[in-house]
Structures are given as structure tokens and as C-alpha cells.
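Participant: Mind looking over this structure? Questions follow.
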Amino acid sequence: MTAPKYVEPSGDQKAGYLHYRRPASPWEIFQKEEGLPVFKGIGMKDSRDLPRAQWQRYGGLATYIQLFGTNNDTGMYCWEIPSRSASKDIKHFYEERFIVLEGRGTTEVWKNSGGTKTSFEWQPWSVFSVPINANFRVVNASSSPAILLGVNMAPLMINMFQSKSYIFANPYDFEERFGGNLEDYWKPAEEYEAHPVQGRAQLTTNLFPDAQNCYLPLDNNRAPGYRWVYPQMVGNTMLGGFIAEYPAGRYNKAHHHGSGAVLVCMRGAGYSITWPADKGGLTPWKDGKDDLVLWQDYGKGGMISAAPTGNPRETWFHQHFACSKEPFRLFNFTGGSSFGTGGSRGGSEGDMVAGVGAEVGDGGSAIPYHLEDLFVRKHFEERLKKEGAEFQMPEEVYTEAGANIKVMSD
Ligand SMILES: [Fe+2]
């Protein structure tokens with residue numbers, strides 16, 4: 001398409017239009033071409049309930065899940081590989097990660113330059129990532145369908161390069177991430193390290209055989225008894241995220257930030273609330289602004305966009321509630337890119353940065369329990385009663401002194 005001729009303004013007229021219609025991005029055009037249903041919303045109870053359609057590119061059936069606040073940032077999809085079948089051979093120049101929701105099978109991974117195929121087995125709640133630009137094939141040899149949730153950085157890369165041959169037919173072998181002796185490449189690691197910047201738990205592993213039940217170390221940053229790990233997988237630098245768990249009957253302090261994070265439930269069940277920080281403030285119910293609060297119930301395979309805004313200037317508070325008799329395990333599946341760069345985005349080298357646990361008044365964005373809207377606790381207690389579960393928050397966290405207790409045991 002040729003662009004229309006430019007007409008230069010005269011006098012003090014402004015060039016162009018002050019308001020204009022936003023065009024589709026290269027990612028949005030690509031997504032449409034795929035011919036799959038696209039679910040849009042703040043979340044859903046269970047992604048397996050979404051209708052799936054034939055997917056030419058990967059094989060099997062799938063639906064895209066483009067939650068509010070993730071568009072042009074991360075791509076997510078729920079993918080079914082029917083029984084006794086395999087995906088196509090796949091490769092792409094972007095990072096990608098999977099959670100197995102159902103089924104058992106194997107994945108084969110190999111380089112562009114050939115060599116032996118590496119492979120590993122997976123089962124329900126395995127988590128694995130495939131190295132950028134490596135070839136892979138997902139095989140379901142069992143008699144029931146396999147359902148996987150995938151997430152990737154396709155939007156960012158497709159928007160950046162706008163070249164299908166660069167993204168999907170690139171011969172480069174990323175030896176830094178998938179090179180050397182590959183014999184133990186898929187051997188799960190169990191040794192927790194300290195994250196080099198934040199000092200929180202990190203596990204460098206390319207495969208979690210069972211991320212629903214694996215040990216998670218105590219973290220306490222978001223709630224008393226909160227458990228947490230940052231998975232460093234296949235050398236990914238953009239696809240961050242974390243696996244976290246709330247003890248049954250507990251919830252976190254609300255905190256706010258921009259869009260991007262999507263939490264997928266892997267264990268238990270619960271609900272999340274989210275509201276725009278500027279418009280809703282610290283106590284939206286008390287201030288008569290509770291119509292701004294969005295709610296999402298979800299269980300295993302379900303999810304919520306923590307800050308579901310498309311406005312890059314907005315931040316949203318969010319808060320998660322373990323509303324069953326079991327702990328509530330969540331995977332921040334889309335992550336945020338600040339981890340990938342070692343926490344070096346924004347400001348200047350050496351600047352002090354407030355971590356996620358830091359509260360309002362301490363340079364952070366978390367609302368201490370004693371300052372939160374009274375409705376939050378009251379509603380949670382009522383919901384737990386309905387579920388036949390117990391409220392398990394230690395009373396001392398609702399005092400000013402309790403807000404400063406950094407380490408609490410289960
Ligand atoms: Fe958050």
C-alpha cells in the first residue's frame with residue numbers, strides 16, 4: 001500500500017491528527033491469520049473450558065488467551081494434542097514455556113545443525129521451557145488427550161522484526177542456551193540458589209517434573225507463610241515469572257504495578273481482586289469506589305491478569321486469596337522482563353530499588369494489612385465460611401507493629 005502524499009500545514013496549523021484510530025499491530029495481524037479463537041478478558045475459572053480449534057502451525061487444537069494487559073507483550077494459548085498423535089516440528093526465534101494441565105508424553109528437542117535429539121517426559125503439572133530457536137516436537141503416545149498451557153514472547157519479537165522467515169526459519173543455533181554437553185540438559189535441578197539481585201530463592205532448571213507438588217521455599221514477602229521461587233529456565237532472559245504459594249485461608253497484601261503479570265492456578269482454588277490504583281485508592285469500599293474493583297474466581301488451570309489495563313500509564317492494585325482447604329499455588333506465567341535483565345530496568349546502576357514486599361510509606365506499593373479496607377478481610381472470612389475452610393491469618397499482622405515483621409513461620 002502506498003502512503004498518501006503529505007500535505008504540509010500552513011500558518012499555525014498542526015500537522016496530522018490529534019486523535020486517530022489505532023491500527024492492528026503485526027502481532028495482532030499474525031494472531032488473526034492463525035484462525036484460532038482468541039479469549040479476551042481479565043481471567044477465567046479454567047482455561048480448559050475454552051473452545052479450541054484446529055491449529056495448522058503446531059498441530060492439534062488450540063485457543064489463544066490474550067488477557068487484558070498482556071496484548072503485544074506475551075502470547076498465551078491452551079493447546080490440546082489428541083491421543084496417539086504428535087505436534088508438528090516447531091521452532092521459533094522467541095522464548096516459550098509450558099505447563100502441562102493434563103496428559104503424559106514426551107518432548108524431543110534438537111539443534112538446527114542436527115546432532116542427537118534430546119528428550120524428556122512430562123506429566124500433569126510438569127513445567128518445561130524450550131530453548132529459543134531450538135526445534136521441538138511434542139508427542140502424546142497415550143490414549144487420552146494432553147492439554148498444555150503455553151506462553152511466549154512472540155508478540156514482542158514479531159512486532160520488532162516483522163519477518164516470518166527471521167522468526168520461523170532462522171538457522172541460528174543458540175549455543176549459549178542449548179549447547180555443549182546436552183546429556184543432562186533436561187535433568188531437573190533441586191538445589192535452590194539465592195537470586196543474585198533480590199536474594200530470594202531461584203532454581204536453575206529446564207524442567208519441573210511436578211510443579212504442583214514440588215517443594216517451594218519459605219519467602220514471606222507477600223504474606224505470612226508465603227512460599228516462592230524464581231525459575232531460571234533454558235537461559236531465558238525475557239520470560240520471567242515465579243511460582244508462589246499461599247497457605248490455605250490466607251491472602252496477600254495488595255500491591256500495585258503496571259500490566260503484564262498473569263497468575264495461573266496450579267493447586268487449590270481462590271479468587272483475586274484488582275482495581276486501578278489512582279482512581280480506587282487504598283480503601284475503595286470505604287470511599288464508595290468499589291464499582292472499580294474487578295473480581296475473578298479461579299481454580300486449577302484458571303488464571304487472572306493481575307493488572308488488567310491496556311493503559312501504560314496506569315498501575316493496578318491486586319490481591320489474591322487462598323479460598324480452599326488446600327494451599328493456593330500460583331504461577332506468574334507471563335512474568336515481567338525486569339528479572340531477565342537482572343532487575344536492571346529503570347533508573348541508574350546502583351540506585352536503591354524497592355522490592356515487592358516494600359510497603360507504601362517505605363518506598364513500595366504494598367498496603368499493610370492494618371491499613372487495608374476493612375471489607376477485604378470481612379469478605380474473605382465470609383467466603384471461607386461458605387467453602388467450609390478456615391481463616392488462618394495471624395492476628396498480629398493487622399497491627400502496625402505486625403506490618404514490620406519480616407519473617408514469620410507457617
Ligand atoms: Fe503483582
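The numbers here are math on the coordinates, done by the rules we state, and not lab data. Since we're looking at a predicted model, the values are computed, not measured. Because the Cβ atoms are built from the backbone with ideal geometry, glycine has one as well, and the counts that use them run over all protein chains shown.
Participant: Could you quote the convex hull projected area for the chain, Cα atoms only and averaged over all directions, in nm²?
Facilitator: 24.3 nm²
Participant: For the residues MET157, MET352, what sequence is obtained by ranking on other C-beta atoms within 10 Å, fewest first?
Facilitator: Numbers: MET157 22, MET352 6.
In order of increasing Cβ crowding within 10 Å: MET352, MET157.
Participant: What's the ranking of 194-204, 171-181 by average number of surrounding C-beta atoms within 10 Å, highest first?
Facilitator: The peptides rank, most packed first, as 194-204, 171-181.
Participant: Shifting gears a bit: If packing is taken as the average count of other Cβ atoms within 10 Å, what order do 318-329, 159-170 fall into, highest mean first?
Facilitator: Packing proxy ranking, top to bottom: 318-329, 159-170.
Participant: Could you work out the helix-only [θ] at 222 nm for the chain, with each DSSP H run of four or more residues adding -39,500 (n - 2.57) and the total divided by the number of residues, to the nearest 500 deg cm²/dmol? Mind dumping the intermediate values first?
Facilitator: On the way: 6 runs with 43 residues, N = 410.
Mean residue ellipticity, 222 nm, calculated: -2500 deg cm²/dmol.
Participant: Next question, about the same structure. What list of ³J(HN,Hα) values in whole Hz, one per residue of the range 254-259 in order, does the Karplus curve 6.51 cos²θ - 1.76 cosθ + 1.60 (θ = phi - 60°) give from phi, with Gly and Pro shown as x?
Facilitator: 5, 9, 10, 6, x, 6
Participant: Next up: For the range 26-168, how big is the tail of P(r) above 20 Å, as a whole percent of Cα pairs?
Facilitator: In whole percent, the long-distance tail amounts to 45.
Participant: Where the only charges are on Cβ atoms (+1 Lys, Arg; -1 Asp, Glu), what is the dipole of the range 168-233 about its Cα centre, to the nearest 20 debye? Each step should come with its number before you reach the end.
Facilitator: On the way: 5 positive and 10 negative charges, 88 e Å.
Once rounded to the nearest 20, the dipole reads 420 debye.
Participant: A further question follows. Arrange the peptides 270-278, 291-299, 109-117, 4-12 so that the one whose residues have, on average, the most other Cβ atoms within 10 Å appears first. Walk me through the intermediate numbers first.
Facilitator: On the way: 270-278: 22.4, 291-299: 16.9, 109-117: 14.1, 4-12: 6.3.
Taking the mean over residues of other Cβ atoms within 10 Å, the ranking is 270-278, 291-299, 109-117, 4-12.
Participant: So what's the net charge close to LYS253: Lys and Arg +1, Asp and Glu -1, counting the other residues with Cβ under 9 Å from its Cβ? Each step should come with its number before you reach the end.
Facilitator: Values: positive: ARG222; negative: GLU359, GLU372.
Neighbourhood net charge equals -1.
Participant: Something else now. What list of whole percents do you get for P(r) of the range 231-366, with Cα-Cα distances grouped in 10 Å bins up to the one holding the largest distance?
Facilitator: Distribution as computed: 12, 38, 38, 11, 1 percent.
Participant: Now a separate question. Please go through the residue pairs LYS88/LYS164; LYS117/LYS164; LYS91/LYS117 and name each one whose alpha carbons sit more than 21 Å apart in this structure.
Facilitator: Details: LYS88/LYS164 17 Å; LYS117/LYS164 25 Å; LYS91/LYS117 14 Å.
Those over the limit are LYS117/LYS164.
Participant: Now, a different point. Rounded to whole Å, give me the distance from the Cα center of the range 218-279 to that of the range 52-115.
Facilitator: When both Cα centres are located, 24 Å separates them.
Participant: Do you know the Lys pair count in the range 193-404 for C-alpha distances under 29 Å, with sequence separation 8 or more or different chains?
Facilitator: Going through the range 193-404 pair by pair, I get 24.
Participant: Return the percentage of antiparallel bridges among DSSP beta bridges fully within the chain, rounded to the nearest 5 %.
Facilitator: Within the chain, antiparallel bridges account for around 95 percent of the total.
Participant: If you don't mind, another one. Once phi is turned into ³J(HN,Hα) by the Karplus curve 6.51 cos²θ - 1.76 cosθ + 1.60 with θ = phi - 60°, what whole-Hz value does each residue of the range 233-242 show in order, with x for glycine and proline?
Facilitator: Couplings: 10, 6, x, 4, 10, 10, 8, x, x, 7 Hz.
Participant: Then there's this: In bins 5 Å wide, starting from 0, what share of all Cα pairs of the range 1-54 does each bin hold, as a percent?
Facilitator: 4, 12, 12, 16, 13, 9, 8, 8, 7, 6, 4, 1
Participant: So what J values fall out for the range 65-72 if you push phi through Karplus, 6.51 cos²θ - 1.76 cosθ + 1.60 with θ = phi - 60°, rounded to Hz, Gly and Pro as x?
Facilitator: 10, 10, 5, 3, x, 10, 4, 6
Participant: Further question: Quick one: work out Rg over Rh on the C-alpha atoms of the range 83-137, Rh as Kirkwood radius. Mind dumping the intermediate values first?
Facilitator: On the way: Rg = 11.4 Å, Rh = 11.9 Å.
Across the range 83-137, the Cα-based Rg/Rh ratio is 0.96.
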